[in-house]
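The values are calculated or read from the model by the stated rules, or taken from the named source; none is laboratory data. Remember, predicted model here, so these are calculated numbers, not experimental data. Glycine also receives a Cβ, built like all others from the backbone with ideal geometry; neighbour counts cover every protein chain displayed. Side chains are part of the model used for accessible areas, which takes the heavy atoms of the whole protein and leaves out ligands, DNA and RNA. Shrake-Rupley method; radii C 1.70, N 1.55, O 1.52, S 1.80 Å.
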Amino acid sequence: MGVRFNGKHLAGFIREEEFSAIYPQVEVAHALLEAKNGPGNDFLGWASLPRDYDKEEFGRIKSAAAKIMADSDVLVVIGIGGSYLGARAAIEALRGCMYNCTAKTTPQIFFVGNSISPAYLRDILACCEGKRVSVNVISKSGTTTEPALAFRIFKKYLEDTVGKEEARGRIYATTDKARGTLKQLADAEGWQTFVVPDDVGGRYSVLTAVGLLPIACAGCDIDSLMAGAAAAMADYSRLSPENDCYRYAAARNILYRKGKSVELMACYEPNFTLMNEWYKQLFGESEGKDHKGLMPASVIFSTDLHSMGQFVQDGARLMFETVVDIREPAQDLFIEKSAENFDGLNFLADQDMSVVNRKAMEGTILAHTDGGVPNILLEVDRLDEENLGRLIYFFERACAVSGYLLGVNPFDQPGVESYKKNMFALLGKPGYEAQKAELEAKLR
Ligand code: PA5
């Protein structure tokens, strides 16, 4: 049970003494988290969330999910960044990346407001046609442009198709408990609201209503998800050289100091694709600052062995690889012998396909380590709710410790404002007139 750090493929890249040498710094990072006196200490709510979450709201989330499952064919989830990735990642990890095609008794779930693409929005509107739709709009600030724009469109769509009164019971807003345009609007319109706690940043919010309502609507067991996270909280908050979460954080930092600038998260299950995206946001926004940080990248193998494989094996030696090894696949497929053996593949027959996938993984790890790419294995028994809860907490805690080891504030994101300022100026938002002229000159 749990997430296990397996460093056997780090031999030749990290010596055990190096783990001992960095351990005092891990102790400091741990102490900052526990005493809540490190940078960003206003945003440590995630650390005890699996134990301290709002039980009354949790009950309301389950009731709202039951209603949505009963009265909706489609749930449109509107949000971006931390207000989107965790929910989608969990649903795909638990229900599969083909969830919208395979779901029989639960609504299809479409995610919008995560881009400004009109083509994408029109496609989702087309998917909603003739269906019973509910909307969960998620924005901690309540002012983010992408989801606000998408919400405008879906609010009107709902009100036009079912009328304002019926729409009122089909809109669920997840936002700040008191502040922001969305909260004001929700109160004025009488929509059911859920809270993004003040002390939980967007990218750490999957185990709040932000993630839990959509995840529950996909028929996932959110009690088990939280139980898994609580078990991980007990395991990975312990100060010990054997703490797998801290060993992972330490290994990342040791490799960074040895000149590695990219962590390549790899998994052999396509259902993990969105978990990779969630990981990239978590670590990218937490560590990429002050001109420092490992760049988080990701691959799904064996798919990407046919695109990125060449570079990983033989290109610039920038990266190390972290493989999430899911020991038991969600489903298996027995490969039967073919009488004609027309493709010469009978040597693969009479066994489950997962065995072939595992051999592909083992062979690839050996090839990549031979090619100079250090390899970390994170072993997980299976992708069920409990193990996913453990994995989410494992990564969140590892990310916080990694950030402190790096000497940055892992809980702010000052860099994401720059593009917004430019976009607003170029679009002529009142108050941005001076920047507009300057930027337009640069674009000419
Ligand atoms: O992690 C973060 O803080 C960001 O990715 C936010 O989640 C994202 O920008 C969306 O913000 P909001 O929920 O305020 O709309």
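Test of understanding: what is the full-extension gain from Ser261 to Lys131, defined as 0.36 nm times their sequence separation minus their Cα-Cα distance?
42.1 nm
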- prompt: Any idea what diffusion coefficient the range 155-234 gets from Stokes-Einstein, in µm²/s, Kirkwood Rh on alpha carbon pairs, 4 °C, 1.567 mPa s?
  reply: 91
query: Mind checking Rg over Rh on the range 14-75, alpha carbons, Kirkwood formula for Rh?
result: 1.31
message: Please list Glu287, Glu242, Glu269, Glu328 from largest to smallest accessible area, probe radius 1.4 Å, with all protein chains kept in place.
response: Glu242, Glu328, Glu269, Glu287
query: How much accessible surface does Cys245 have with a 1.4 Å probe, in Å² rounded to 10?
result: 0
- prompt: Under 27 Å Cα-Cα from Lys421, which lysines qualify once same-chain neighbours fewer than 8 residues away are excluded?
  reply: Lys140, Lys155, Lys177, Lys183, Lys280, Lys289, Lys292, Lys429, Lys436, Lys442
- prompt: What is the distance, in nm, between label points placed 7 Å from the Cα along the Cα-to-Cβ direction at Asp343 and at Ala119?
  reply: 3.2
query: Which whole-number percent of Cα pairs in the range 298-444 have a distance greater than 21 Å?
result: 68
query: Considering every Cα-Cα pair within the range 212-270, what fraction, in whole percent, is farther apart than 12 Å?
result: 77
query: Once the Cα atoms of the chain are picked out, what are the Rg and Dmax in Å?
result: 23.0, 75
- prompt: Given Cα pairs under 8 Å that are at least 6 residues apart, what percent is the relative contact order of the range 168-270?
  reply: 15
query: Hey, what number do you get for the chain at 222 nm if only DSSP H runs of n ≥ 4 count, each worth -39500 (n - 2.57), divided across all residues, to the nearest 500?
result: -15500 deg cm²/dmol
message: Of the candidates Gly130, Gly344, Gly79, which one comes out as most mobile in a Gaussian network treatment of the chain with C-alpha springs shorter than 10 Å?
response: Gly344
task: Could you compute the FRET efficiency for Ser307 and Glu433, with r as their C-beta to C-beta distance and R0 at 41 Å, rounded to 0.05?
output: 0.35
field: Inverse mean reciprocal Cα-Cα distance (Kirkwood Rh) of the range 1-142, Å
entry: 19.3
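How do the peptides 369-375, 223-229 rank, highest first, by the average count of neighbouring beta carbon atoms within 10 Å per residue?
Per-residue mean Cβ counts within 10 Å order the peptides as 223-229, 369-375.
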- request: Express in whole angstrom the spacing between the alpha-carbon centres of the range 1-49 and the range 304-326.
  value: 25
Normalised contact order of the range 166-215, rounded percent, pairs of Cα under 8 Å and 6 or more residues apart: 33
field: Most positive-pole-ward Cα, Val373, Ala316, Pro39, against dipole of the chain from beta carbon charges
entry: Pro39
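Which FRET efficiency value, to the nearest 0.05, is calculated for Arg444 and Thr181 with the Förster distance at 30 angstrom and r the Cβ-Cβ distance?
After rounding, the FRET efficiency stands at 0.30.
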- line: Of the range 391-422, those with amide N under 20 Å from the point 7 Å along the Cα→Cβ vector of Asn6 are 391-392, 394-395
query: By per-residue mean of other Cβ atoms within 10 Å, what is the highest-first order of 309-322, 209-222, 11-24?
result: 209-222, 309-322, 11-24
message: What are the extents of the Cα atoms of the range 359-418 along their three principal axes, in Å, largest first?
response: 43, 33, 23
- prompt: What residue among Ile80, Ile254, Ile124 shows peak mean-square fluctuation when the chain is described by a Gaussian network model with Cα springs under 10 Å?
  reply: Ile124
task: Using the Cα centre as the reference, give the magnitude of the dipole from point charges on the C-beta atoms of the chain (Lys, Arg: +1; Asp, Glu: -1; all else neutral), rounded to the nearest 20 debye.
output: 1240
- request: Assign unit charges at the C-beta atoms only (+1 for Lys and Arg, -1 for Asp and Glu), then state the dipole size of the range 178-305 relative to its Cα centre in Debye, rounded to the nearest 20.
  value: 620
- prompt: From the Cα gyration tensor of the range 270-352, with a ≥ b ≥ c the square roots of its eigenvalues, which class applies: rounded if a/c is under 1.5, or else prolate if a/b is larger than b/c, or else oblate?
  reply: prolate
- prompt: With every protein chain left in place, what is the accessible area per residue of the chain in square angstrom, probe 1.4 Å?
  reply: 44
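Report, as a whole number in µm² per second, the diffusion coefficient that Stokes-Einstein gives for the range 156-288 at 37 °C and 0.692 mPa s using the Kirkwood radius over alpha carbon pairs.
My calculation gives 179 µm²/s for D.
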task: Identify which of Ala126, Ala89, Ala266 has the largest mean-square fluctuation in a Gaussian network model of the chain, with springs joining Cα atoms closer than 10 Å.
output: Ala126
Taking N as its residue count, the alpha carbon Rg of the range 96-239 over 2.2 N^0.38 Å: 1.13
task: May I ask you to give the percent of accessible area on the range 274-408 that is carbon plus sulfur, with a probe radius of 1.4 Å?
output: 53
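May I ask what percent, to the nearest 5, of DSSP beta bridges between residues of the chain are antiparallel?
The answer is about 10 percent antiparallel.
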message: Between Ala360 and Ala330, what is 0.36 nm times their sequence separation minus the Cα-Cα distance? Round to one decimal in nm.
response: 9.0 nm
statement: Given 50-58, 357-365, the highest-first ranking by average Cβ count within 10 Å works out to 357-365, 50-58
task: Quote the relative contact order of the chain in percent (integer), defining contacts as alpha-carbon pairs under 8 Å separated by 6+ residues.
output: 23
message: Suppose we look only past 18 Å in the calculated P(r) of the range 118-193. What percent of the Cα-Cα pairs does that tail hold?
response: 37
task: Set the Förster radius R0 to 56 Å, insert the Cβ-Cβ distance between Ala188 and Glu379 as r into 1/(1 + (r/R0)^6), and round the FRET efficiency to 0.05.
output: 0.65
